[in-house]
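Okay, structure first, notes after.
Nothing in this text is a laboratory measurement; each read-out follows from the coordinates by a stated rule. Bear in mind that the values here come from a model prediction, so they are computed numbers and not experimental data. Here Cβ is always computed from backbone atoms with ideal geometry, including for glycine, and neighbour counts include all displayed protein chains.
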Amino acid sequence: MADDPSDPAVPGTTAVAGGWRRPLAWIPRRETQGVRAIFGALGHTQSGRFIWWSWLISRALIFVFWGSLRFTLGDTKYYFIKMSLLAQTGPSQTMIEYPTPVLWFFELLYALSLHHQYVFTGLFVVSMVALDAWFTWMLWRVGANRRGEAVFFWTVFLLLVGPTAYLRFDLVTAVLCGLALLALERRDDLRAGLLTGVGAGIKLWPALLWPALLGGDRRSRIRTTIGFGAAGVVLAGLALWYAGWSRLLSPLEYQSARGLQIESLWAVPPMIWRIFHLSAYAVNVSIWNAWEISGPMTETMLVLAKVAQAVGLAGVAVCYVAWLRRGRQRFVEASALMQLVILVMILSNKTFSPQYMMWLGGPAAAGIAMLPHSTLADDSPEERERSENEAVDRLRTISRVFLACTVLTTIVYPVGYDPIVHGTIGLSVVTMVLATRNLLLTYLLYLVALWVVHFSRLRHGQWWRPGARRHQAVP
């Protein structure tokens, strides 16, 4: 056992529960200073006063931005209308694009609002602000010496998202995914699985994130799977009892029947061509409550999107298998894998709404909070320095590109949405901003995929074989 890097007796490692492991703190602190440069001048990010004042000011600016939009009700108006009709239509025909458990949250708000639309919107916004504050606090509480960077990233990110963050339901999913990673770092595997299972129960796609939580030992994986499965079974059972089988499956049928949404990657060619041939295309709100484009090339793009999604999910499966077989997993790698899955889902999909950017924010912020020393116990000092610097460089680049994509998304919606949907003055400018955003997102996918492929490979290019000694995880 003395030669096994997983042995607690080996100098340079510290055992933690669940099979995840981390190096001792004797690694020189100077090697981690590059993390502070991720967002620029972060010398004050370990100051609680600076961080919380930054959060409060940024959230006030979000409401100022919302006021400049005349406090548009956004999707909360749609939520309220659907709740007001629930008694007539029944749950089986209400908001069929959402999984059934989402209805329970909106029903609660509708009851508390006493059936008043503006009160309903106010309660929804307050609940989203409270969720934002809770996640910020958890990042600060769990992040240890990285908590300042994590909170600052989340603060800036949600500011760049703007009022959309508090007017749509997707913030809930982003926070659940981020909290699952934070629970994982605290070795609370059951809670990590439960949170991901709840996320899958209200948005479906987080079910694909479950394998990213399985980097620990066998007992850790079992606890995570039990939590994930228990949440899924309970929510599915309650949903089946409440609204029936057809309503349980309706979100899947809803998504498959949708057309080509104007903001998706696959809509870029027809959207650019539309600048020069406006009359050849129709952009309208479909029965699926989305702005979709129809005309030359759109059917071809829909086919390509379907193929790309199949290829992308197959690639994600390969990465999961390679990572889990490799062993020696680090906590931050779980965050990278989550971001890879989300980017594949966004970019390969025929649909894209601005709130989808929020899905990435939770795992990205949690990844910064749980960022460990990117070294292994049996690395040489030179390897330690090289791997640490590489991890910091990757994280810095990914974070900057991600925030740039968020800015461009907000420029498209809500700032420039009227020209792009109605074909008025500014159409060409906003369309090019949209195309640039999608190209940057593709580049972001490339960066994250490159990182995942890099750490998913076994050392010396050897695949782990059944029966061979497997290294334990070293975060």
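What FRET efficiency do you get for Trp137 and Leu86 if R0 is 30 Å and r is their Cβ-Cβ distance, rounded to the nearest 0.05? Computed FRET efficiency for Trp137 and Leu86: 0.35. If you plug the beta carbon distance of His454 and Trp241 into 1/(1 + (r/R0)^6) with R0 = 60 Å, you get a FRET efficiency near 0.85.
Give, as ranges by residue number, the residues of region 433-449 whose backbone N falls under 18 Å from the point 7 Å along Cα→Cβ of Val321. In region 433-449, the label zone of Val321 (backbone N under 18 Å from the point 7 Å along Cα→Cβ) covers no residue. If you plug the beta carbon distance of Leu439 and Asn145 into 1/(1 + (r/R0)^6) with R0 = 35 Å, you get a FRET efficiency near 0.50. The modelled label-to-label distance for the pair His422/Val129, using points 7 Å beyond Cα in the direction of Cβ, is 3.1 nm. Between Leu61 and Glu299, the simple label model (points 7 Å from Cα in the Cβ direction) yields a spacing of 4.8 nm. Modelled spin-label separation between Val311 and Arg396, with each label point placed 7 Å from Cα along the Cα-to-Cβ direction: 3.3 nm. For region 114-129, backbone phi angles converted through the Karplus equation (6.51, -1.76, 1.60; θ = phi - 60°) give residue-by-residue couplings of 6, 6, 10, 4, 6, 5, 4, 4, x, 5, 5, 4, 4, 5, 6, 5 Hz, Gly and Pro being listed as x.
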